[in-house]
Amino acid sequence: MPYGRSSIFKYGLSLDQLAVRAGQIPRPGPQIGPFKRSEPDLAAPHDLLPLAEKFQSWKNLADQSCLDQPVPRQIESKLEQLKTIGRELAMGSHGGFGQSKEFLELVKSIGESRSKSEEDRIILREIETLKRRIVEPDIPKRKMKEYIIRLVYVEMLGHDASFGYIQAVKMTHDDSLLLKRTGYLAVTLFLNEDHDLIILIVNTIQKDLKSDNYLVVCAALGAVCRLINEETIPAVLPQVVELLGHQKEAVRKKAVMALHRFYQKSPSTVSHLISNFRKKLCDSDPGVMGATLCPLFDLVTVDVKSYKDLVVSFVSILKQVVERRLPKSYDYHQMPAPFIQIKLLKILGLLGNGDKHASEQMYTVLGDLMRKCDASTNIGNAILYECICCISSIYPNPKLLEAAAEVISKFLKSDNHNLKYMGIDALGRLIKLSPDAAEQHQLAVIDCLEDPDDTLKRKTFELLQKMTKSSNVEVIVDRMIDYMISINDFHYKTEIASRCVELAEQFAPSNHWFILTMNKVFEHAGDLVNIKVAHNLMRLIAEGFGEDDDTADSQLRSSAVESYLRIVTEPKLPSAFLQVICWVLGEYGTADGKYSASYITGKLCDIAEAYSSDETVKAYAITALMKIYAIEIAAGRRLDILPECQTLIEELAASHSTDLQQRAYELQAVVGLDARAIESAMPSDASCEDIEIDVTLPFLDSFVQQSLHNGDQPYIPEDERSRAIDISNFSNQGHRESSTHGLKFEAYEMPKLPVPSHPPPPVSHVSTELVSIPEPSYSRETQFSPTNPPVPSSDAELKLRLDGVQKKWGKPTYPSTSSSSSGYSSSPANGASQMESAATSTSTSRPGETYKDLKKAEVEISPEKQKLAASLFGGSTRSEKRISTTTHRASKGGGHSTEKSSVLKPSAASTTKANIPPQPLPDLLDLGEPARLSMVAPLTDPFMQLEGLLDQKESGSSGTCAVTDGSNKEPDIVSLYSDLHMDEQSSQSTLNPLAPSESNSSNLRRTISGGLAQATKGPNLKEALEKDALVRQVGVNPTTQNPNLFKDLLG
Amino acid sequence: MGIRFILMVNKQGQTRLAQYYEYLTLEERRALEGEIVRKCLARTEQQCSFVEHRNYKIVYRRYASLFFLVGVDNDENELAILEFIHLLVETMDRHFGNVCELDIMFHLDKAHFMLEEMVMNGCIVETSKSNILMPIQLMDKTS
């Protein structure tokens, strides 16, 4: 690429001009040729046009010329180039700024290289030259400086320049400021702070910190920030502290930053100097004050409490900045010191978090800022965004929240993707405080979700994750999984997979759904998720959901078995998933009698064969085989070992892996036992038994006593042991402390006292370690049982707590499951709850009317996006309006995606028969999963039943319409209680396609917690009906009735 | 630590300036630059100027043939960083006068000096153009 076209702002810069830039030749007169056009255009408005505009125009210009430059122009520029080269040659080796011809050539060839390999060739040649030249004696200093810059080039372009490091170090010793600074620059670019050569620079830095020339001091302070490590801090610390009071503000500023660096490196070394930052906040120079905000931000992040007193100062500084009290030079695009404002807002957000008193002090200035801020510039929006972050972090103030919501809606409505991104992010923050904030932006959010821009999409997923609740978890997780499948970036795939798991564990509406979801996650990202997720899944299937309902559990198990048998035929499943499959097949493969032992064992053999390189899977498979044979023998059936199983067992018995061998032999031994022996050796379903572990190992007491009696040393627990050692070493410690830096003289860690006869307290270790052992044997598995507290391990970030699953399905954890409908509406985390409860109240007061409206509304189809909105945000009365917008937009834009057309069809069908009792819409929660829909599809039309119920209610038989599927007429409350669990399973599958499952689960939870089965049942049903009504309402479009709506919304 | 690195890369993906605020080995830098440049250069004008990469974000801005890429922590204000890039460009523009890629290539040291004034320890410390340029102008005078 010729030079002329690679200029940043203006195209058509000729090599002549380049030479001027490089200091080679004096600036020439008026330019000729094609570049004349752009040159005066750009030069003239320099001071007149706002800079932003100027840049924009250049940018456009540049892009255009880049694309449309005609061929002759290129030739001309080539000619131009040749001319300049000639001129350069004539100039000789030294130019105005001391840049030699060689350097010019180097830069030029790098600039012109068209491929990485060409660039590499140039650099390799350059390395050769430099290696030769740099060791020559008596190199003039300027020449040396150039060599060092050339070394910087070498490193920057990815090659090793370590041969020249020492020259850069030497250059820092130079007296000339420019050379010294160049030396420091090169050193900071080349070396990390632990490099051996640093020791040679520390001395120079010390000397330079004392220099009379403040620029030298500044250069040294800059180097301090980059080169001083923990050990060398004491060498420069006193001088740095002294420089905090230097008369030049530039020096004070850099000294503050150097101290900040020390704090980052090793907080303890500067802990006594922290107060300096407070002092420097009041520095007379705004630059120093602005820089001080950086360390203060770090300090406040770590320890909020100690800095509450500074709230007043920060607020008053912010106020002054906003009032333009700072020098004009800090203005950026007419905004007073925006970067300082942003830093201040960040700090205020931290200080006001959860502190009403502190927050109240900020309200005024935040309000002012929000009002005054210019939303037409990027920087104004950056400040507005920071304001929102601050407002949503501090103690909430309704007015400010309102203002924030307004700004967010502006962001989201913008065409600018950057602003949309900021809006989505800000919405995610605001949603914690005002849950219904997302409600009015549903369409914008969905637009962002479907945007081809990955960044925006991910941010939107983040937002969705924050607003997930049990009513929309299915849509959200489905979307996430779809996206997860579509991407290749392992880092993000892992992240999104663990998010899916987390959400599924937290909000799963049904066990069945949970298992299907986990299957999908495992299938597509099994190797990326934490193995604990697999163990959790196994445990879940084994234990059910903490309810004493065996039928539901066995249903769950057989559905798991069924799904695994289907999946297992697919190629290349991840190992973790196969382990789960093997384990579940082994435990429950034959449990429901649907599949014969030989069928299951055949499948297990297939797995072991297909993944013969994976020993863990093989181990799981053979243990599963053993379990099935044991179950068969225990049940008194004749054992029929398939020939391929026999082969597998024999093969594993001869395996190189001792683990596999042992398993094979164990299997052979078990097969030889009789039914009674097997029943006690491998009791069925033993994985659910809790095993109590007594850590004190009481059965060893007598042995210990005996040993003590014989004169053995008593056992010292591990933690006390190390302390004892510390104490014994204490005398040395003071000694060591005195020589703080320099070499480390600390001895290696003391050897632990060997205590062979006493096993250390094993339990906590055992449970974590066992996880990784691929042995699903009964006793070990049970260690996950609730007797063990959750392991606070490094996996905390994945949130795969062992107790998590149970808690989630057991007791109500979600606010919306509170036991009365008034509590329902007050739930803070629920985005649509208010709407829902509002709708509830209206429809309870006049159910007939709502229903009529609904029927009317049924006429139009809902576009798929609308449904997505409804399912994400929950139905709402207000959403009606917005929905009309979607239709409009969708019809304009031609719809967003086609994937869901199959789901759309049923609803389309329903419109054709508007007068017939309305058909149930397909499950809104099941978007994009028609296959699953069919799996849970009810046999009878549950909607009809529900309709009947509604009529019943209208006619006065309120409250006790307790019959859902006619199976449940038991008057006895206790048995009702247990029945309900069963019902939950079945009713969920029947109701699911109609009502948001939230009502179901809350229904269930209420029953469990209250035990007032009879009393709550009626209202719950009603709720379910109303939800259903809402859902249908959402699925309609009142365009024909109310066309004016568009104007309000779109105009 | 907000800013992790600042890169200037041209349209062909060639590095024109690189400043890291945390130490990376040569190989790591090479790999990182290759990866993110590929990511950013593939994006269109309409798309966000932000890209998530591993556990941090890249804010980038294009000026004709040159891309400015800034790697920042996740809690950084992206829009502000975007404007910071512009401030950097304006500052360079004031010094060089209609700055272009070659100005940076020929005066790599000066471009670095400006950055050194503006960013320390990964934080933005100076945003006043006159303060940023003063030491450099003084140095020009004396040398």
- request: Filter segment A:291-315 down to residues that are β-branched (Val, Ile, Thr) and open to solvent by 60 Å² or more (accessible area, probe 1.4 Å) and give me whichever is farthest from A:Ala258 (Cα to Cα).
  value: A:Val312
field: Residue check for B:Leu41: within 18 Å of A:His417 (Cα to Cα) and either open to solvent by 30 Å² or more (accessible area, probe 1.4 Å) or of a type in the set (Lys, Arg) (or both)
entry: yes
message: Whether any residue in segment A:581-595 is in contact (Cβ under 8 Å) with a residue 40 or more places away in the chain, within 30 Å of A:His491 (Cα to Cα) and surrounded by fewer than 19 Cβ atoms within 10 Å (Cβ to Cβ) is what I want to check.
response: no
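Per-residue answers, yes or no, for (1) without any contact (Cβ under 8 Å) to a residue 60 or more places away in the chain; (2) within 12 Å of another protein chain (Cβ to nearest Cβ); (3) open to solvent by less than 20 Å² (accessible area, probe 1.4 Å):
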| position | (1), (2), (3) |
| --- | --- |
| A:Asp355 | yes, no, no |
| A:Glu360 | yes, no, no |
| A:Asp368 | yes, no, no |
| A:Ala382 | yes, yes, yes |
| A:Glu406 | yes, no, no |
| A:Tyr421 | yes, yes, yes |
| A:Asp425 | yes, yes, yes |
| A:Glu450 | no, no, no |
- request: Look at A:Phe297 and say whether it is within 13 Å of another protein chain (Cβ to nearest Cβ), of a type outside the set (A, V, I, L, M) and either within 31 Å of the chain's Cα centre (by Cα) or farther than 26 Å from A:Ile228 by Cα (or both).
  value: yes
statement: Within segment B:6-31, residues out of contact with any helix residue (DSSP H, G or I) (no Cβ under 8 Å at 6 or more places or on another chain) and touching a residue at least 24 places away in the same chain (Cβ under 8 Å) come out as B:Tyr21, B:Glu22
- request: Working only within segment B:48-74, note down all residues that are more than 22 Å from A:Glu386 (Cβ to Cβ), within 7 Å of another protein chain (Cβ to nearest Cβ) and not aromatic (Phe, Trp, Tyr).
  value: B:Arg54, B:Ala64, B:Ser65, B:Leu66
- request: Enumerate the helices (runs of 4 or more DSSP H) found wholly within segment A:571-684, keeping only those where 3 or more residues are within 25 Å of A:Ser558 (Cα to Cα).
  value: A:575-588, A:597-610, A:615-634, A:675-681
message: Given the options A:Glu249, A:Glu230, A:Glu155, name the one that is open to solvent by 10 Å² or more (accessible area, probe 1.4 Å), under 24 Å from A:Pro295 (Cβ atoms) and within 9 Å of chain B (Cβ to nearest Cβ).
response: A:Glu249
field: Subset of segment A:370-380 that is of a type outside the set (A, V, I, L, M) and not in a helix (DSSP H, G or I) - its residue that is nearest to the other protein chains (Cβ to nearest Cβ)
entry: A:Thr377
- request: Go through segment B:123-135 residue by residue and tally those that are open to solvent by less than 10 Å² (accessible area, probe 1.4 Å) and more than 7 Å from chain A (Cβ to nearest Cβ).
  value: 2
message: On the basis of being touching a residue at least 24 places away in the same chain (Cβ under 8 Å), assigned to a helix (DSSP H, G or I) and open to solvent by 10 Å² or more (accessible area, probe 1.4 Å), does B:Lys141 make the cut?
response: no
- request: Please give the helices (runs of 4 or more DSSP H) falling wholly within segment B:75-122 in which 2 or more residues are more than 9 Å from chain A (Cβ to nearest Cβ) and under 21 Å from A:Ile379 (Cα atoms).
  value: B:78-96, B:108-118
message: Checking the conditions here, which among B:Glu27, B:Glu33, B:Glu22, B:Glu45 is more than 8 Å from every other protein chain (Cβ to nearest Cβ) and closer than 17 Å to A:His159 by Cα?
response: B:Glu27
- prompt: When you go through (1) within 7 Å of chain A (Cβ to nearest Cβ); (2) in contact with a Gly (Cβ under 8 Å, 6 or more places away or on another chain) one by one for B:Gly2, which number turns out not to apply?
  reply: (1)
- prompt: Before we move on, is A:Tyr330 at pLDDT 95 or above and within 14 Å of chain B (Cβ to nearest Cβ)?
  reply: no
message: For A:Ser271, only one of the following conditions fails: (1) under 23 Å from A:Asn229 (Cβ atoms); (2) within 14 Å of another protein chain (Cβ to nearest Cβ). What is its number?
response: (2)
task: Determine which single condition A:Arg557 fails, assuming it passes every other condition in (1) touching a helix residue (DSSP H, G or I) at 6+ places or on another chain (Cβ under 7 Å); (2) of a type in the set (D, E, K, R); (3) surrounded by fewer than 19 Cβ atoms within 10 Å (Cβ to Cβ); (4) free of Cβ contacts under 8 Å to residues at least 40 places away in the same chain.
output: (3)
Failed condition for A:Thr658, given (1) at pLDDT 85 or above; (2) open to solvent by less than 60 Å² (accessible area, probe 1.4 Å); (3) within 45 Å of the chain's Cα centre (by Cα): (2)
- request: Tally the residues that are touching a Ser or Thr at 6+ places or on another chain (Cβ under 8 Å), within 16 Å of A:Met289 (Cα to Cα) and crowded, with 21+ Cβ neighbours inside 10 Å, restricting the search to segment A:316-337.
  value: 2
query: Just one of the numbered conditions (1) open to solvent by 20 Å² or more (accessible area, probe 1.4 Å); (2) at pLDDT below 90 is not true of B:Ala64; which one?
result: (1)
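The values are calculated or read from the model by the stated rules, or taken from the named source; none is laboratory data. Computed from a predicted structure; not experimentally measured. Positions of Cβ are backbone-derived with ideal geometry, glycine not excepted, and every protein chain shown enters the neighbour counts. Please note that ligands, DNA and RNA were not included when accessible areas were found on the heavy atoms of the full protein model with its side chains. Shrake-Rupley method; radii C 1.70, N 1.55, O 1.52, S 1.80 Å.
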